[in-house]
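The structure appears right after this line, and notes come after that.
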Amino acid sequence: MSEIKHPAHLEAEKNPVDELQKFWGRWGKQASYGLLVLAILVAGYFGYKNFISEPKEAEANKAIFRAEEYYREDSTKLALNGDNANPGFLKVISKYSGTKAANLANFYAGSCYLKLGDFNNAVKYLKEFSSPVKQLQIRAYGLLGDAYSELNKKEEALEQYKKAGTYYEKDEVFSPEYLFRCGALYETMGRTQDAIAMYKIIKDKYPSTPRGAEIDKYLARLGVTQ
């Protein structure tokens, strides 16, 4: 009977220590460089966060405070441009770019420009804003719709009104209002069926809101009586 020969790798298991030594002998320099780069990146991230990012956020929050007060007082130009001692929203945006305060300042600046009738700048700054706070994002979409509507960019306005009206259905303050504005704009464009569709959403989903309470008369005007 002939002798059965086993493959070499079954004759004896490889010594893991020997294998590691071989690997390190061949790739040790490259591995060391890789670990060094990783260590530098990790240290850089935490250094940036602790010594640059977080202090900048705190400073930005302090800087925007007076501008927000001016905004609440309806002192629109002071809120936008600041006074001799305090920065306005525009300065916060330019000086503290990348911070949460600067992002919020984009919303405020867009709103200020809308009040001042500068609709192009309103669009510019509102488009730069985004927020995980749903009601605030609804408001930003709605203000964008208003700005586009004032610029007679009706399709863009409709898009933003739809976003505002459908972004967060649980909201009963802004959602029905912007659905209504969307429907009203459709009416001015002669798109009756689209207007009816918007008004029906209000009737079905927001019957207890101010817009919901009066929506039947707008539907009746368009021939819908049920």
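Measuring from label point to label point, each 7 Å out along Cα→Cβ, what is the Glu169 to Asn86 span in nm?
Calculated label separation equals 4.2 nm.
Could you tell me the ratio Rg/Rh of segment 131-226? Both radii from Cα atoms, Rh via Kirkwood.
0.97
Once label points are set 7 Å from the Cα along Cα→Cβ at both Glu159 and Asp194, what is their separation, rounded to one decimal in nm?
A separation of 1.3 nm, rounded to one decimal place.
A 27 angstrom limit on the alpha carbon distance is what I want to check against. Which of Lys56/Lys127; Lys115/Lys200; Lys127/Lys203; Lys91/Lys170 exceed it?
From Lys56/Lys127; Lys115/Lys200; Lys127/Lys203; Lys91/Lys170, over 27 Å: Lys115/Lys200; Lys127/Lys203; Lys91/Lys170.
Please sort by residue number the GluC sites (Glu not before Pro) in segment 146-226 whose DSSP state is loop and whose Cβ has at most 16 other Cβ atoms within 10 Å.
Working: sites: Glu150, Glu155, Glu156, Glu159, Glu169, Glu172, Glu177, Glu187, Glu214; in loops: Glu169, Glu172.
Filter output for segment 146-226: Glu169, Glu172.
Let me check I've understood the local charge: for Tyr70, count other residues with C-beta under 11 angstrom from its C-beta, Lys and Arg +1, Asp and Glu -1. What total comes out?
Surrounding charge for Tyr70 is -2.
I'd like the Karplus ³J(HN,Hα) series for segment 72-84: coefficients 6.51, -1.76, 1.60, θ = phi - 60°, whole numbers in Hz, and an x wherever there's a Gly or Pro.
Here the 3J(HN,Hα) series is 5, 7, 6, 8, 4, 5, 5, 4, 6, 9, x, 10, 5 Hz.
At 7 Å along Cα-to-Cβ for each site, give me the label-to-label distance between Glu150 and Phe65 in nm.
The answer from the label model is 3.1 nm.
Residues with amide H under 5 Å of Gly82's amide H, sequence separation 5 or more or different chain, H placed in the peptide plane at 1.01 Å from N; which?
Excluding prolines and chain starts, which carry no amide H, the hits are Gly88, Phe89.
If each Cα of segment 56-129 is one equal point scatterer, what is log10 of I(q)/I(0) from the Debye formula at q = 0.19 Å⁻¹?
-0.64
A short reminder: the numbers here are calculations on the coordinates, not readings from a lab. Note that the structure is a prediction, hence the values are computed from the model and not measured. Note: ideal-geometry Cβ built from the backbone for every residue, glycine included; neighbour counts use all protein chains shown.
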